[in-house]
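Some notes on the structure that comes next.
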Amino acid sequence: MEKLLLSVFIVFFSVTIFAQLTWVSVIPDSSHPNAAWEVGYKQRKEFLLNSSTWTGRSSRGDTDNGKRYWTLLLGDMYLNRGSQTAIDALILDGSRGGHSGIYGTYEGSFYKPFSCPGYAFYYFTYYDRITVVDTVQHTKVQTMWNNPNRGFASRIDGKMDPIYLCNEFNSENFDWMERIGGYLMSHHFNDNTNITDGNKPAMQYYENWVNNWVRATYSAGRVEWNSHVYFVYCFQAAASLSQFATDSMTRLRGRAVQDWMAMELALHYMDGQQVGPESRNKGGGYKVFDNDVIGYEYLWFTDNANKVSTCIDDSVRHIYSGDLHTSGYIANMAYRPPQVIIDIAQRKFNLPVEMHNVKPFYRLDYENFKNWNGKSGTNGRRFEFETSYFNTNYTLSSLAGGRPKGVDCFSEQCLWRFGVKDRYYQVFGNSGSMSGIAGRCEFEQIGQYRNTMMRVIKGTNNMWVAVANEVTDKAFDGNILFADMGNGVYMAVRPYNATANSSAAYTPGTGDNYTKYTWNFSTSAIGALILEVGTVAEHTSFANFKTLVKAASLTSPSATQVQYVSTLGRKLKVEHMGTTSYSYTSNSCGTLVINPSGKYPRVWYDDVETDFNTWNLYEVVYGDKIVDNKWGSGFLHLKSNNNELKITIDTTTANVKYEMLKMLTSNKPIIETKKAVVNSFEVFPNPTLGEVTLNISSEKNQTSVINVYDLLGRKVLELFKGSIESGEKQVSANLSKLPKGLYFILFDGSEWDRSKRISLE
């Protein structure tokens, strides 16, 4: 087989060619999906944008009006793009158009960061027409940039939005929007006015910020993007840079951050949902297509072969037409995700996969991200540790979080979610006094090992989970909650040391129908809830799963530890490390720095303790290596069954390089040194629906292996390994578990070898 490791043998039009896989530098556009996807994308976009709600504009007295005004105007202008007269009229309009926006008190000012991306999208997209029909807007833009917008865009981090607490933990999106707005305007006006913060000329100041920003993203990660709401604001800011920056490398830096963010969205996407913990969770994050990222998810991931069956197009359009945050940007956005990211979102990789992901601590960022390098030091430290387990029909994902408590600036964090494919609901829960769906209870700590998650508490009296009423087969069996989630997926929630349990109707959001299951505990002793997920493939039936869960070992090795041995024999042990006090000073706009707080658990997998401080940004620890993004590396490697992509950020220059795995070919014939005329290898039927027969005729006895390879030369299936006697032999095989497409079946014998191309339909 060694002679096949670096090459595959391909037959096209009866010509034998030599093919070798090689990493090749490419432009990002070459990673885009094919023309058929693009046609579908445009159809989906047109369908969504043909809404009747574009004529309105938000209240002019709203300081946040830039968040809403520009997206409505941009959507309106997009739908009128076929009429130059209509576009010019919207540019000139002094009450609901471009002129009005540029001269608006808030939407025309960088006073609020939310104005910056829409301001840039409008101004640079329609710059030439503005020059023709309303050149006074150019004067206004330059005047505003000189004073006060330059000052607004260079405010020190933590003071970006004057209506929020200056030391607010959750405000990374403010920095992105302002600084990128500052980059675009300073370069547009060739502005070298000195910036007080940093004592540098404006263009250099913002260039440094952008370079540090892209290095930080690929070396230490991001935080605010991990939210179904605030993802969009960060993404829109990056999009304005990738489309309107004055030089190609800076545009590429913006594009690289967009790809990094789209990768994060794809990892947590499942049938219109975002399944996973969030740094900033809002109501509706647990619902199918009911959050601010719906436009991106719907357009990127739901092509004709991957529709969300219970969420018909009209209902998506209804939700989307009321979204004031993303619609107009998408109408004018050039971004397309790489095919490999779409593949990951659509789970075109071998399952199951377990990933460990680490997220950085931020809000100590008073030096423009320059210390976000994945190395030691406060600004670069690992902070929150996510475990995600992707199985064929579900995702279980949780966070060992460093935030101390679900109050004040920490109130929006969601620590875990469990979602089932084709079921469009999620299971979630909380502890103690945190009765809502967001926020962390300071007494709760989490550990997860593949399909099993343990929540341990000490010092509070309850933990709960919420299960949608669409799940009809769910009930307590003693102290254990069992639920048949559908689609061959089962759930058990088993308590340790609980004193009582109860259930009650629960309505977390408008129109929701859930049941909340609550377990009570003593505040002076260790308590735990273990959530284990099972499948019909692993347990044969729901009844058998129940029996195995009830028999599973659940013990307390010490007063602060709980240990569970799952139905699959995996041992998860979690030690509660206590709590810590945290002092939060409201409205402190001075030099106060919010220090990392909260306690992490100790976690063991099969008696081996994990060291959180060794975790990488994204690292597969079990299964296919679909994502590799190591701490401090500046390097992202994405891989699906059919595509691979590398994006590298030079950690010194911040220059960006894209590489794809390509098949280089030549017409040089393959020389078979051990070949006889009676030796043959045939495969039929071809094309096939899955079942195939391999006919082998060999002159001599030999050892052999028969493998299936994809078009990139990667082995995807072994069909046979053993001895082949001289004469005729038949081998039956089944390819139906592979995705449809073209493959190569390679016979590799000790005496001779052959390859056959086959189409799986």
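The values are calculated or read from the model by the stated rules, or taken from the named source; none is laboratory data. The structure displayed is predicted, hence computed values, not measured ones. Glycine gets a Cβ as well: all are built from the backbone with ideal geometry, and neighbour counts include every protein chain shown. These accessible areas exclude ligands, DNA and RNA; they are computed on the full protein's heavy atoms, side chains included. Shrake-Rupley method; radii C 1.70, N 1.55, O 1.52, S 1.80 Å.
Here the stretch 445-567 has 46 percent of its accessible surface on carbon and sulfur atoms, given a 1.4 Å probe and all protein chains in place.
The base-10 log of I(q)/I(0) for the stretch 57-166, evaluated at q = 0.14, 0.15, 0.19, 0.22 Å⁻¹, reads -0.53, -0.60, -0.92, -1.19 [Debye formula, identical scatterers on Cα atoms, solvent excluded].
FRET efficiency for the Thr652 to Asp624 pair, using the beta carbon distance and R₀ = 25 Å, is estimated at 0.20. With N as its number of residues, the stretch 160-264 has a Cα radius of gyration that, divided by 2.2 N^0.38 Å, comes to 1.05. Starting from a Cα-only point model with no solvent, please compute log10 I(q)/I(0) by Debye for the stretch 421-514 at q = 0.14, 0.17, 0.18 1/Å. At q = 0.14, 0.17, 0.18 Å⁻¹ the computed log10 ratios are -0.56, -0.84, -0.95. Rolling a 1.4 Å probe over the protein heavy atoms leaves Cys234 with an accessible area of roughly 0 Å².
The heavy atoms of Arg215 offer some 50 square angstrom of accessible surface to a 1.4 angstrom probe. Computed across the stretch 383-542, the Kirkwood radius stands at 15.9 Å (inverse of mean 1/r, all Cα pairs).
Its residues counted as N, the stretch 415-472 yields a C-alpha radius of gyration over 2.2 N^0.38 Å of 1.20.
For Thr392, the solvent-accessible surface computed with a 1.4 Å probe is close to 80 Å², ligands and nucleic acids excluded. Accessible area of the stretch 58-142 with a 1.4 Å probe: how many percent of it is carbon plus sulfur? Carbon and sulfur atoms account for 50 percent of the accessible area of the stretch 58-142. These residues, His539, His99, go from largest to smallest accessible area, 1.4 Å probe, as His99, His539. Per residue, the Cα convex hull of the stretch 80-134 amounts to 75 Å³. If contacts are Cα pairs under 8 angstrom and at least 6 residues apart, what is the relative contact order of the stretch 420-497 in percent? Result for the stretch 420-497 is 27 percent. Of the GluC sites (Glu not before Pro) found in the stretch 169-224, no site is in coil according to DSSP while having at most 16 other Cβ atoms within 10 Å of its Cβ. In µm²/s, what is D for the stretch 494-576 at 10 °C and 1.306 mPa s, where D = kT/(6 pi eta Rh) by Stokes-Einstein and Rh is the Kirkwood radius from Cα pairs? Translational diffusion coefficient: 108 µm²/s.
For the stretch 178-274, the solvent-accessible area works out to 21 Å² per residue, with a probe of 1.4 Å and every protein chain left in place. For the stretch 92-208, the relative contact order comes to 22 percent (Cα pairs under 8 Å, sequence separation of at least 6).
D for the stretch 93-248, whole µm²/s, Stokes-Einstein with Kirkwood Rh over alpha-carbon pairs at 25 °C and 0.890 mPa s: what number? Taking Rh from Cα pairs, D becomes 154 µm²/s.
Length gained on full extension, Val39 to Leu738: 249.0 nm, using 0.36 nm per residue less the C-alpha separation.
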